[in-house]
Amino acid sequence: MSTEIFVIGATHHRAPLALREKLALTADGALALAQTFAQIEGLQEFAILNTCNRIEFYGVTGQAGTPARIAAAFCAQQGFAPEEFANLQLRLQGCDAVHHLVAVSAGLDSQMLGETEIFGQVKGAYAAAQAAGFTGPVLNRLFQKSFQAAKHVRTTTAITIGQVSVANVAVDLALTIFGTLTNTRILLLGAGEIGEKTAKAFQSRGAAALTVASRRFERAMELATALDASAMPFTQREARLAEFDVVVCATSAPDPVISLATTRVAMARRPGRPLFFIDLALPRDIDPQVAEIDNVFVYNLDDLAKIAEQNRRARAAEMTKCLAIATTKAEIIWQQISATIGSLPLKLTSRAEGLSPP
C-alpha cells in the first residue's frame with residue numbers, strides 16, 4: 001500500500017468520563033506505550049495526544065493493518081477490551097485525519113466549543129513526539145501547518161467568545177453557589193497547568209484566601225509564591241479539609257485523593273456550611289460517592305461541559321464559518337503533503353533509543 005496518514009483513538013463524543021478514566025495514560029504509561037509503538041513494523045512516524053477528553057494516536061504508515069496493531073497494543077497495555085474500544089473508537093485517514101487535527105487544535109471538537117487549553121495540549125504532544133524522534137517529514141509538516149490553520153480559525157472568527165475554559169466555567173459556578181468569593185477559602189490540590197489557570201481565575205473574581213497543595217511540596221511552594229497564596233503539605237489535605245469552602249482537584253494521581261469517609265468527617269466539623277468540589281482530574285480525584293453527602297456539591301469535567309452548553313449555543317453560529325475555514329486549510333495541507341508522501345520510505349527503522357524517562 002502507499003504511505004498514509006491516519007488517526008485512531010477515542011474522545012468524549014463516544015466515551016463518557018468513566019471510560020476515559022480507563023483509557024487515560026499516566027506519564028509512565030505514555031512512555032511505555034511509545035516504546036511499544038516504536039517497535040511496530042510499518043509505523044514510520046507517530047504522536048500521542050492524551051488529554052482529559054481524548055486519547056488519540058496520529059501516525060504515518062506504509063503497511064495495511066498498522067492502525068489495528070496500534071489499537072491492539074494500546075488495549076493490551078490498558079487492560080481494555082478490544083471489542084469495546086472498537087465500538088467507541090475514532091478512526092480517520094488521509095484528508096479526514098488532517099481536517100480532524102485542525103479542528104481539534106482550533107477547539108472545534110472540544111466539549112467546550114472554542115476552549116483555549118487544547119491548543120497548548122496538542123502543541124505539547126507534538127513537541128514531545130518530535131523530541132523523542134517519533135515524528136518525521138510528514139507529521140512535522142502536518143502539525144506545524146495545522147497549528148497555523150488553527151490560529152487562523154481562532155483569530156478570524158468569534159469562536160472563542162464567552163467563558164470557554166474549564167477554569168472560567170468552574171469559577172462562575174462557584175459564584176452561583178457562594179454569591180461572592182471575597183471570604184471564600186479555596187484549596188487547590190495539584191499544581192499543574194490546569195490547576196494554576198483555575199486558581200488565577202478564582203483570584204480574578206476576588207478570591208483572596210487560596211491554599212496550594214501538591215504531591216511535590218516544592219512545586220506547591222513555587223506556585224503559591226507566584227500566586228501570593230499559602231502552601232500546604234499534600235498529606236494534610238484530609239485533616240484540614242473542613243477549613244475550606246471550595247476544593248479544586250487537578251492532580252495526576254492514579255486513584256482518588258478525596259475519600260467518602262474523609263469528606264463525611266469534614267462535613268461533621270462544618271455543619272450548615274456547603275463544601276464545593278471541582279474535580280478537573282482524569283482519573284477523577286474525588287470518590288464519586290462524595291456527591292451523595294448533604295450540602296456537598298461535586299462537579300467533574302463532564303458536568304462542567306454540560307453547564308457550558310449555553311455558551312456553546314452562543315458560539316454555534318460561528319461553526320459554519322469555522323468549519324469552512326478548517327476544511328479549506330485542511331485540503332491545502334493535504335495537497336502539500338500528498339504531493340511528496342509517495343517518495344517516503346515504507347519501512348521503519350528502530351527509534352527506541354530516542355526514548356528517555358519523563
State yes or no: is Thr211 more than 23 Å from the chain's Cα centre (by Cα), surrounded by fewer than 16 Cβ atoms within 10 Å (Cβ to Cβ) and within 28 Å of Val296 (Cβ to Cβ)? no
Would you confirm whether any residue within segment 267-281 is under 25 Å from Thr26 (Cβ atoms) and out of contact with any strand residue (DSSP E or B) (no Cβ under 6 Å at 6 or more places or on another chain)? yes
Residue among Arg273, Arg264 that alone is surrounded by fewer than 20 Cβ atoms within 10 Å (Cβ to Cβ) and either in contact with a Phe, Trp or Tyr (Cβ under 8 Å, 6 or more places away or on another chain) or modelled with pLDDT of 95 or more (or both): Arg264
Restricting the search to segment 33-57, which residues are within 22 Å of Gly107 (Cβ to Cβ) and either of a type outside the set (Phe, Trp, Tyr) or outside the structural domain of Asn140 (by TED's automatic domain parsing) (or both)? Ala47, Ile48, Leu49, Asn50, Thr51, Cys52, Asn53, Arg54, Ile55, Glu56
What's the total number of residues in segment 94-144 that are of a type in the set (Val, Ile, Thr) and over 20 Å from the mean Cα position of the chain (by Cα)? 2
With in contact with a strand residue (DSSP E or B) (Cβ under 6 Å, 6 or more places away or on another chain) and either aliphatic (A, V, I, L, M) or under 30 Å from Ile341 (Cα atoms) (or both) as the only criterion, which of Ala73, Ala125, Ala86 stands out? Ala125
So, in segment 76-132, exactly how many residues are surrounded by 17 or more Cβ atoms within 10 Å (Cβ to Cβ), of a type in the set (Gly, Ala, Ser), at pLDDT 95 or above and out of contact with any Phe, Trp or Tyr (no Cβ under 9 Å at 6 or more places or on another chain)? 2
What are the residue pairs meeting all of these: first residue in segment 104-126, first residue in contact (Cβ under 8 Å) with a residue 60 or more places away in the chain, second residue among the aromatic types (Phe, Trp, Tyr) and assigned to a helix (DSSP H, G or I), Cβ atoms under 9 Å, and 6 or more apart or on different chains? Ala106/Phe119; Val122/Phe143; Val122/Phe147; Ala125/Phe143; Tyr126/Phe143; Tyr126/Phe147
Verdict on Ala30 being in the same structural domain as Ser338 (by TED's automatic domain parsing), at pLDDT below 95 and either out of contact with any Leu (no Cβ under 7 Å at 6 or more places or on another chain) or in a helix (DSSP H, G or I) (or both): no
Failed condition for Leu173, given (1) under 14 Å from Tyr58 (Cβ atoms); (2) touching a strand residue (DSSP E or B) at 6+ places or on another chain (Cβ under 8 Å), with all others met? (1)
Can you tell me which residue among Pro254, Pro274 is assigned by TED's automatic domain parsing to the domain that holds Ala174, more than 17 Å from Leu189 (Cα to Cα) and touching a residue at least 60 places away in the same chain (Cβ under 8 Å)? Pro274
Anything in segment 33-55 that is surrounded by 23 or more Cβ atoms within 10 Å (Cβ to Cβ) and of a type in the set (Asp, Glu)? List them, or say none. Glu45
What residue, of Ile286, Ile293, is modelled with pLDDT of 95 or more and in contact with a Cys (Cβ under 7 Å, 6 or more places away or on another chain)? Ile286
Limited to segment 162-208, what total is found for residues that are surrounded by fewer than 21 Cβ atoms within 10 Å (Cβ to Cβ) and more than 17 Å from Gln111 (Cβ to Cβ)? 18
What's the total number of residues in segment 212-270 that are part of a helix (DSSP H, G or I) and among the acidic types (Asp, Glu)? 3
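The values are calculated or read from the model by the stated rules, or taken from the named source; none is laboratory data. All of these numbers come straight from a predicted model, not from anything done at the bench. Neighbour counts run over all protein chains shown; Cβ positions are idealised from the backbone, glycine included.
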